[in-house]
Amino acid sequence: MMSNENQSWPLWEVFIRSKQGLDHKHAGSLHAADAQMAMENARDVYTRRMEGVSIWVVESKHIHASNPDEAASLYDPANDKAYRHPTFYDLPDEVKHM
Amino acid sequence: MENSLEDVFQDKVDKEIKIEPRDWMPEKYRQTLIRQISQHAHSEIVGMLPEGNWISRAPSLKRKSILIAKVQDEAGHGLYLYSAAETLGITRDEMYNQLHSGKAKYSSIFNYPTLSWADIGAIGWLVDGAAIMNQVPLCRTSFGPYARAMVRVCKEESFHQRQGFEILLVLSKGTVAQKRMAQDAINRWWWPSIMMFGPKDDESPNTLQSMKWKIKRFSNDELRQKFVDVCAEQIKLLDLHIPDNDLKWNEARGHYDFGKINWDEFWEVVKGNGPCNKERLETRKKAWENGAWVREAASAYAEKRKQRESLSAA
């Protein structure tokens, strides 16, 4: 017989699409025994005022996160490439519609 | 080395860059936040009890629906905050244990009884009002998950205060007995509400460090004064009075002066000797224990389904 007193429900991350056409956005997390319960709890905890039209839940243990200590080297490749931005290019004011 | 990590941390805080769960932080910062956020979460959860007391006795279906929605919000607020605390490495079960064993504190205000329907009005106006005064600056607190939880809480809290003021407004325009009931509720809730901001600044030893870390943005006394100033004006619309003979506009200070707070009472309630400390904790523990079979059944069901799925996949 399994007891959950020392084995608590897993943690889930909740993502909500606030309206059609927008991305799902991280809303928060909660505990639930399974995906269905996570979905129902997410509805009650994060959409009490019609904040969503679609919910994603994923068990937190399945999320792999980048390490903030390695941020400098991780993002280094993009650091010296200002030419990827439109403002890098010096054009005369006379050029219209660009 | 330790020193330079701390410098980098403080530099980020000074530049208003939020601290996120996986960033390096001083151990004391982590512990202070765990204590503060979990206490805050416990307050939301225990805060459901005095109001839940009136759900079955609300004077109309409309008031009952509103009160249920409000109490449900408090549960939600507790959950947002428990989640934020969990990102710092404490588990939900540890926090529940701290609450149920009496080790963790929650806001003392919830150790006062709700004797009449007008108390629901006074709680909304004063207790939620004081909470909002405390919580709005916390939306900018330095720890990201706490700040985000507080943004959500503050958005929802505004209706709580407005419905409370409206309850009192209706009572104040009602019969003589109803008006008296509203005044009685304000008489009982006023002083405990202004104690909600915590001890005076010179007796609040953690404030300085918390302000340096931008966990806290204003001192207890600053927020208390702001609350008194706001309420002293709002009460005029209720045609009732605040139970403080020393409450007087001070032109020179640009603030209301107010009477002495009974700090002995405050510390007695903190120590566990308030009117309802025991009852609240027992009710909370009973709710947790009575829910044990539901939690076990849900776990057993999830386990069984998982096994069935792996069987059919094989």
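The values are calculated or read from the model by the stated rules, or taken from the named source; none is laboratory data. These numbers come from a predicted model, not from an experiment. Cβ sites come from the backbone with ideal geometry, for glycine too, and all protein chains shown count toward neighbours. All accessible areas refer to the heavy atoms of the entire protein, side chains included, with ligands and DNA or RNA removed. Shrake-Rupley method; radii C 1.70, N 1.55, O 1.52, S 1.80 Å.
Restricting attention to region B:235-281, the residues that are in a helix (DSSP H, G or I) and surrounded by 12 or more Cβ atoms within 10 Å (Cβ to Cβ) add up to 16.
Going by the conditions given, is B:LYS15 modelled with pLDDT of 95 or more and open to solvent by 80 Å² or more (accessible area, probe 1.4 Å)? Judged against the criteria, B:LYS15 is a match. Number of residues in region A:48-87 that are within 10 Å of chain B (Cβ to nearest Cβ) and either surrounded by 12 or more Cβ atoms within 10 Å (Cβ to Cβ) or assigned to a loop (DSSP other than H, G, I, E, B) (or both) equals 8. Taking each residue of region B:94-114 that is farther than 19 Å from B:LEU81 by Cα and looking for partners that are of a type in the set (D, E, K, R) and open to solvent by less than 50 Å² (accessible area, probe 1.4 Å) with beta-carbon atoms closer than 9 Å, six or more apart or interchain, yields B:ASN111/B:ARG280; B:TYR112/B:ASP119; B:PRO113/B:ASP119; B:THR114/B:GLU51. With respect to being over 27 Å from B:SER107 (Cα atoms) and at pLDDT below 95, B:GLU2 fits the description. For region B:255-287, the set of residues classified as within 14 Å of another protein chain (Cβ to nearest Cβ) and either closer than 30 Å to B:GLU233 by Cβ or modelled with pLDDT under 95 (or both) is empty.
Here the helices (runs of 4 or more DSSP H) wholly within region B:25-95 that include at least 2 residues being within 12 Å of chain A (Cβ to nearest Cβ) are B:61-86.
Just to be sure, is B:GLY102 among the small types (Gly, Ala, Ser), away from every other protein chain (no Cβ under 14 Å) and either part of a helix (DSSP H, G or I) or surrounded by 22 or more Cβ atoms within 10 Å (Cβ to Cβ) (or both)? It is false that B:GLY102 is among the small types (Gly, Ala, Ser), away from every other protein chain (no Cβ under 14 Å) and either part of a helix (DSSP H, G or I) or surrounded by 22 or more Cβ atoms within 10 Å (Cβ to Cβ) (or both). Taking first residues from region B:295-311 that are at the interface with chain A (Cβ under 7 Å from one of its Cβ atoms) and partners that are of a type in the set (Asp, Glu), the Cβ contacts under 6 Å between residues at least 6 apart in sequence or on separate chains come to B:ALA302/A:ASP34.
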